[in-house]
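Every number here is computed from the coordinates shown, using simple stated rules; none is lab data. Bear in mind the structure is a predicted one, so any value in this text is a computation, not a measurement. In this analysis, Cβ positions are derived from the backbone assuming ideal geometry, glycine residues included, and neighbour counts consider all displayed protein chains.
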Amino acid sequence: MTKEKIVLIGNGMAGVRSIEELLKIDSDRFHITIFGEEPYPNYNRIQLSKVLQGDTEIADITLNDWNWYAKNNIQIYSGEKVMQIDAENKAVHTDKKRVVAYDKLIIATGSVPFIIPVPGHEKEGVTAFRDIKDCEKMINTSKEYKKASVIGGGLLGLEAARGLLNLGMDVNVIHLADVLMERQLDETAGKMLQKELEKQGMSFLMNKQTAEILGEDRVEGIRFGDGEQIETDLVVMAAGIRPNTSLAKESGIAVNRGILVNDYMETNIPDVYAVGECAEHREVVYGLVAPLYEQGKAMAAHICDEPAAGYEGSVLSTQLKVSGVDVFSVGEIVEEEETKTIKMFDDWKGVYKKVLIRDGKMAGAVLFGDTSEGNKLLRLINKKADVEEYIGAAEEAASGAGLVASMDDSELICGCNGVSKGDIVCAIKEKDLTTVDEVKGCTSASRSCGGCKPLVADLLAHTLGDSFDASIQKEAICGCTTLSRDEVVEAIREKGLSHTREVMNVLGWSTEGGCSKCRPALNYYLGMIKPKEYEDEKESRFVNERMHGNIQKDGTYSVVPRMYGGVTSAEDLRKIADVADKYKVPLIKVTGGQRIDLFGVKKEDLPGMWADLDMPSGYAYGKTLRTVKTCVGESFCRFGTQDSMGLGVRMEKKFERIGTPHKFKMAVSACPRNCAESGIKDLGVVGVDGGWELYVGGNGGTHLRAADLFCKVKTDEEVMEMIGAFMQYYREDAVYLERTSVWVERVGLDHIKEVLADKATRDALNARIDEALSVTKEPWKEVIDSEKTRKELYETELVSATK
Ligand SMILES: Cc1cc2nc3c(=O)[nH]c(=O)nc-3n(C[C@H](O)[C@H](O)[C@H](O)COP(=O)(O)OP(=O)(O)OC[C@H]3O[C@@H](n4cnc5c(N)ncnc54)[C@H](O)[C@@H]3O)c2cc1C
Ligand SMILES: NC(=O)c1ccc[n+]([C@@H]2O[C@H](COP(=O)([O-])OP(=O)(O)OC[C@H]3O[C@@H](n4cnc5c(N)ncnc54)[C@H](O)[C@@H]3O)[C@@H](O)[C@H]2O)c1
Ligand code: SF4
Ligand code: FES
């Protein structure tokens, strides 16, 4: 029997999800052809914000790779645009002159970004934020330029702005209204959000109408309606989107704002459907994936002649994906005469909650600062629950198990990935799942924005009952596995695994070769467990660590020679000055860690420069001991009671080059005046009467944290012993990329104190760190001595395996 021919126009999130729904119902009935204008397999557009923010990479956001199309006998034409729909002859025509016939056609062409049509909008340096190409453009621009402007203070604009800040740019957000995200937030929440983002480093120009983009060929500035001007090197237009309807319109399909569809996503032309952001259903065009996935499900059922109610519209909920900011909004947010509200505002903690009630029913909510109730509110508002039910639910156990219990199996837990309660319960039971991460691995729930995690946890608790163990809720080390850091480390030890590939094969990684998260982590764990046997995999390291220098925005490197304890000599300074002259170093800067940074060094000059310097690497790029900052102490300072420089130099000489889960900074101050800032270091030493105080877990970076007093000791020997034990325990216990400030809070200071109180344990830890230290090598010297490494890394174009 010949198969029915389905053609999908648009290889995006809604279209491909609809095909998955079709395959779920009947995997053999259709011959499927997909056209995608973008040259990639189906990817998670939502995650572009995370790519820009540096939390993931483009390679890791694929939803269905090329194998998926082959496995399901789907003919995919990527990088090919459909130009015309010939509804009469039931065929589509593409820009490559291909003509493909269909029995049923699905249009899923998504949206186009709204580019404000002001003079200059076509200049180089003006971009939208919609696809991989835009994302790459912004990342590349940030390497050369400094000033960015984002037009639009909606979800997209703010996520873009956070990403650009992370890329090292100064960011102005230009917004038309006087409240950010005014479509989702009320004034109170909008202002709180603005304050929080200002703290993160964003600047805002509110109530501003862009009049012109200035510059010659490339953008140089923006002029506003009120005459004010600002300078900028990049303009990101995030002022909304428009349904991509031109193809449908030109082909005679009925279009209003979007392509008009009924509850089964049928257009006015027989056998032609539209789904996703391009479709208009009951006068609403949606711009979030949850409703689009519901549309896809309803459409698939109809195409497969399954009895189904059809799509009836959705209540929208949103969550901003900016770390450190918790904002949630669902349904109605504007108060009117006939509405009532329940509000909570805690200015001290920065928490605001508003629930809007219409005719005694839950109609909408805004949460800021604490969004843990978000999914519960979404569910109540979705079913227009009685306000009494909310009050009852709020009084119920915080676990929320009562709420998930009352949900129907068909209700969605994870909107982003369209995973229902029934799907999750089934997976928990059939596959003996016990953690949120395992549920993510098996069902995709919580894979995208992560907002549904609390609900998934509630559902686990509800399904497993007494056997649910909150304490084992674990985080998988990345999306390639459901195993946590502890499980992987235990398996490496138990099974004697010795290579990253072996770990991936034996422990059943879902991807071949892992991803940018797990490769460096496995490389670290293997090296930590077997320092003598394991051969470091350079290709699994981040680019700075591979190159032994910090790559800068313009592609040059910075070079920081080691200066033990921040102490230098005229001879070393002379060498540095000569090298700076010889290699025409454009900037020499004294760092906060008391050493000298030579900026703007060309990649090919690095080995020569290191050879001329003949000094050890300061490891300013590594996950290892960075600096030991010291004050002058008793040698010169009249307050000094101890030899801070002597001790600092000794500490740095002993522990330099040791691999740690994240960078590790130390400092020694010779009295409590603390001139070396010992209170904000991973390990800080402070001279006091009769000895030294040791402080741990401090951080002077983005997440400022004062270090905790760990212990007081009398002698330098005891300081060295305690540092060795503390560092090794951190090396063995922390998750890769976890700073001590986070680790100390996670495992508890008392716990670490208890472990290190035992002399035998301290000795064992010191023995292990000594073993690891015994095999470290000076990296710059290794490069100078190896012609092969010099050629491979410094004289050819680098093929980046890991960012
Ligand atoms: C940076 C960013 C972050 C986001 N974050 C979230 C979020 O956190 N939560 C959320 O719910 N939503 C989020 N969204 C919105 C979400 O990504 C979209 O709602 C969703 O991708 C829309 O799916 P779609 O299939 O309708 O359109 P798209 O995913 O845009 O797919 C349409 C595809 O059709 C292709 N196409 C168009 N015309 C043709 C043609 N003639 N021939 C061939 N191919 C064609 C396009 O190239 C495109 O690849 C975000 C969007 C962006 C850009
Ligand atoms: N976390 C998420 O859920 C998320 C993240 C990113 C994008 N998205 C979706 O992607 C789509 C696009 O997002 P968006 O933020 O561009 O759309 P949007 O329509 O939600 O917001 C656009 C914002 O730009 C402002 N604006 C409009 N014209 C302007 C002008 N001339 N000058 C300054 N500001 C102007 C508007 O006031 C509005 O706040 C939406 O559908 C959104 O839901 C969702
Ligand atoms: S910390 Fe104390 S000893 Fe050290 S420089 Fe400052 S005042 Fe002097
Ligand atoms: S709701 Fe976004 S990942 Fe589940």
Give the cross-link partners of residue 3 among the lysines, using a straight C-alpha distance below 19 Å as the criterion and excluding same-chain residues fewer than 8 apart. 24, 71, 90, 104
Share of Cα-Cα pairs in region 625-777 lying beyond 24 Å, as whole percent: 26 percent
Using 0.36 nm per residue of separation minus the Cα-Cα distance, give me the extension gain between residue 91 and residue 612 in nm, one decimal. 180.7 nm
Region 618-741 - share of DSSP beta bridges that are antiparallel (%, nearest 5): 60 percent
For the chain, what is the percent of antiparallel DSSP beta bridges, rounded to the nearest 5? 60 percent
Find the percent of Cα-Cα distances in region 485-540 that exceed 18 Å, and round it to a whole number. 21 percent
By a straight-distance test (C-alpha under 18 Å), which lysines pair with residue 96 as possible cross-link partners, with residues fewer than eight away in the same chain excluded? 81
Taking the Cβ-Cβ separation of residue 343 and residue 637 as r and a Förster radius of 41 Å, what is the calculated FRET efficiency to the nearest 0.05? 0.15
Which stretch or stretches of region 85-110 have amide N atoms under 15 Å from the point lying 7 Å from residue 26's Cα along the Cα→Cβ direction? 103-105
Near the amide H of residue 372, under 5 Å away, which other amide H atoms are found, from residues 5 or more places off or on another chain, if H is placed in the peptide plane? none
Expected vector for region 289-302, Karplus 3J(HN,Hα) from phi with 6.51, -1.76, 1.60 and θ = phi - 60°, integer Hz, x for Gly and Pro, equals 6, 3, x, 5, 5, 5, 4, x, 5, 5, 5, 4, 4, 5
Set the bar at 32 Å for Cα to Cα. Now go through 133/249; 321/788; 354/623; 532/753; 143/791; 50/208 and name every pair that lies beyond it. 321/788; 354/623
Which whole-Hz ³J(HN,Hα) couplings does region 604-616 yield from phi under the Karplus relation 6.51 cos²θ - 1.76 cosθ + 1.60, θ = phi - 60°, glycine and proline marked x? 5, 8, 4, x, x, 5, 4, 5, 5, 5, 6, 10, x
P(r) of the chain over all Cα-Cα pairs, binned every 20 Å from zero, in whole percent: 14, 42, 35, 9, 0
Förster-model FRET efficiency, 51 Å R0, residue 714 and residue 786, C-beta, rounded to 0.05: 0.65
Say each of residue 571 and residue 431 gets a label point 7 Å from the Cα, pointing the same way as Cα to Cβ; how far apart are those two points in nm? 6.3 nm
Within region 1-83, GluC sites (Glu not before Pro) in DSSP loop having at most 16 other beta-carbon neighbours inside 10 Å: 57
Cut-off under 18 Å on the C-alpha distance; same-chain residues fewer than 8 positions from residue 361 excluded. Which aspartates and glutamates are left, in chain and number order? 332, 335, 336, 337, 338, 373, 386, 388, 389, 395
Mind checking the dipole of the chain: about its Cα centre, +1 per Lys or Arg Cβ, -1 per Asp or Glu Cβ, Debye to the nearest 20? 1700 debye
If each part is reduced to its alpha-carbon centroid, region 172-239 and region 344-360 end up apart, in Å, by 27 Å
May I ask what percent, to the nearest 5, of DSSP beta bridges between residues of region 126-239 are antiparallel? 30 percent
For residue 675, which sequence-distant residues (separation of 5 or more, or a different chain) have an amide H within less than 5 Å of its own amide H, given hydrogens modelled in the peptide plane? 670
To the nearest Å, what is the center-to-center distance of region 611-645 and region 505-538, using C-alpha atoms only? 32 Å
Amide H contacts under 5 Å for residue 173, restricted to residues at least 5 apart in sequence or on another chain and with H modeled in the peptide plane, are 150, 203, 204, 205
